[in-house]
Amino acid sequence: MKEIVRINLDNEMDLILAHKRSMKIAEMCGMPLSAQTRFSTAVSEVARCCISNGRDSVLVLGINIIRAARKEIAAVLTDAVDLRESCPEAYRYAAKISGKIDYSYGSGGSTTTLSHEVPSPGLLSEIKIKKLAEYFEYEPPISAYDEIRRKNIELVALSEKLGESENRYRKLADTIPVLICVVNDRSTVLLSNNALQEYLEIPFTVFDKKALGTFVHSEDVPVLLEGWSMAKKNRGNFSAEVRIKKDSYYLWHNASIIPNKSEDGSFTSWLIYFVNNNAQKLMVEALKDNSELKQIQLELQSANSKLKFKNKELEQFAFIASHDLQEPLRKILIMLSRAADMLTEQQRSMYYFDKITKAAGRLSNLITDVLNYSRINNHDHFMEKIDLNAVAAESLDDLSLIIEEKQAAVTIAALPEVMGINSQLRQLFFNLINNALKFNSSQPEVQIEALEITAGSDRSFDPSAPSGNYHVISIADNGIGMDSEYSGRIFDMFQRLHQREEYGGNGIGLALCRRIIENHNGIINFTSAPLQGTTFWIYLPKNGY
């Protein structure tokens, strides 16, 4: 059966909903008025019995497709008790006036099915049935009770979704082999993951000298406390190497303190985590003593294997977190939109609806960007020969609207074939061309060219050009440019050189480009100056590695 509408039968108001919606579906299926009345009355009789004597009662109205030339409207009522035993008269009356009634009762409860053939089954196409369901999904409320009930159902569903996501993220945080805790400004430990609790084997409730002294080396406690005080004062990050006790010996860990920043810019808590870097620390010390080098190399190999596993877990965490956050966020945006439709402009301004909606939209874009970043890897793709002319043409097609809007001039010279991953190279071209169009205060001009270099080629065009045999792709624009002082960090995650009000974006695009180039064993540089445009230089190995 194709479900059209579902109603929980709890009180007399639900009985009214059951009757009216049974009548409406029968009408929309083209049944004559007499048949509509008989069917909806029979449904009401059994629904009344559910409300009076039943438990956990649910009514589902839908369409049964027996075959193309035969369809029927159906009402399925499920209950935890034996309804026919409780209301024999109601069932006899329903059977008398309905087209067809079936009843069953077992350990799972009772099921009552009432059905009536549709007189013109050919009119009930798949599209028509889908529109029936959409009608009831967006149907105006029959009463204030119906509106409140509908909102409550949506809120309960959203709450359950958020609860499931929270539990899932908590489980993921508990399985990551990193020691994590959250601390407020008063040094109270708000929560800690299982890894930290199991590592310490003692309660960790306060981030102070006494508590830290139980597991941090005495020489490192002042360093950590000084960094904690500095981070709170400057509202910034702090990182240091400290020794943490495990059984009867100490292991080196990298300790990081990061502020949790809310939407309004305030700080409510701090994320503090410890990552085991003992193998790397031992390697540095072992380089001073060649007699220990072999053992350290073995430990480093083991540590690298574990690090790859941790990176994979973190990628999965970013993917699942971003993906699962999108669904409840979409619900929030829909509910905000519906709520805003019922308010005046003055009320919308009073309750900051526009600001809330913009903030939710930015969060949605950020989640999508993080999701795309977590997906960029070369573990699940094979290198193949890619025609960059086709890649560039597809990217221009994707950007055709903004090119037309800004009346941009984009020139593409002949580009080579390279070994690569098509989807990632297309993302690379899209991001760089989009940046050239976005960061431009005049009519954009973008020029894409290619050349080949060998070990002996002139590299004066790019002071940072690598040595070797490369295909070089240049993407030059006449945009606002940037100062060379930013060259060390524009490819980092969440780096923005301008205010959000000036130019949009989340600061992930160029980080994504660098990751794509690294996956192709290449290099990306840029040359630029304020108000003189920017040229990005992409170096792809001729042999693919």
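Annotations
- Environment charge at Leu61 (Cβ cut-off 10 Å; Lys +1, Arg +1, Asp -1, Glu -1): +2
- Peptides 204-210, 239-245, 274-280 ranked from most to least packed, by the mean per-residue count of other Cβ atoms within 10 Å: 274-280, 239-245, 204-210.
- Computed over segment 228-285, the percent of Cα pairs more than 16 Å apart is 53.
- HN-Hα J in Hz across segment 77-86 - Karplus 6.51, -1.76, 1.60, θ = phi - 60°, x for Gly and Pro: 10, 10, 8, 7, 10, 7, 5, 5, 5, 7
- Summing charges over all other residues whose Cβ lies under 13 Å from the Cβ of Asn469, with Lys and Arg as +1 and Asp and Glu as -1, gives +1.
- Phi-derived couplings, Karplus 6.51 cos²θ - 1.76 cosθ + 1.60 at θ = phi - 60°, listed residue by residue for segment 528-539: 6, 8, x, 6, 10, x, 9, 10, 9, 10, 10, 10 Hz, with x used for Gly and Pro.
- Too-long pairs where the Cα-Cα distance tops 28 Å, listed order kept, from Lys331/Lys355; Lys96/Lys128; Lys261/Lys281; Lys130/Lys331: Lys96/Lys128; Lys261/Lys281
- Nitroxide proxy distance, nm - points 7 Å out along Cα→Cβ at Ile65 and Lys131: 1.6 nm
- Relative to the current alpha-carbon distance between Phe382 and Ser229, full extension at 0.36 nm per residue lengthens the span by 50.2 nm.
- Using a simple spin-label model with pseudo-atoms 7 Å out from Cα toward Cβ, Asp341 and Ile202 lie 6.0 nm apart.
- Taking the average, over residues, of other Cβ atoms within 10 Å as the packing measure, peptides 63-70, 436-443 rank 436-443, 63-70 from highest down.
- Phi angles across segment 12-27 convert, under the Karplus curve 6.51 cos²θ - 1.76 cosθ + 1.60 with θ = phi - 60°, into 3J(HN,Hα) values of 5, 4, 5, 5, 5, 4, 4, 5, 5, 6, 5, 5, 5, 5, 4, 5 Hz, Gly and Pro given as x.
- Here the calculated FRET efficiency for Lys261 and Lys406, from their Cβ-Cβ distance with R0 = 25 Å, stands at 0.15, rounded to the nearest 0.05.
- Cut-off 12 Å between beta-carbons: net charge of the residues surrounding Ala390, Lys and Arg +1, Asp and Glu -1: -2
- Listed residues Tyr103, Tyr135 arranged by accessible area, highest first, probe 1.4 Å: Tyr135, Tyr103
- Relative contact order (%) - criterion: Cα under 8 Å, at least six apart; region: segment 49-95: 40 percent
- Amide proton proximity set for Val58, modelled H, under 5 Å, gap of 5+: Leu9, Thr78
- Sites Glu449 and Glu3, calculated FRET efficiency, Cβ-Cβ separation with R0 60 Å, nearest 0.05: 0.55
The values are calculated or read from the model by the stated rules, or taken from the named source; none is laboratory data. These numbers were taken from a predicted model, which means no experiment stands behind them. A quick note on method: Cβ atoms are made from the backbone with ideal geometry, for glycine too, and the neighbour counts reach across all protein chains shown. When the accessible area is computed, the model is the full protein with side chains, heavy atoms only, and any ligands, DNA or RNA have been set aside. Shrake-Rupley method; radii C 1.70, N 1.55, O 1.52, S 1.80 Å.
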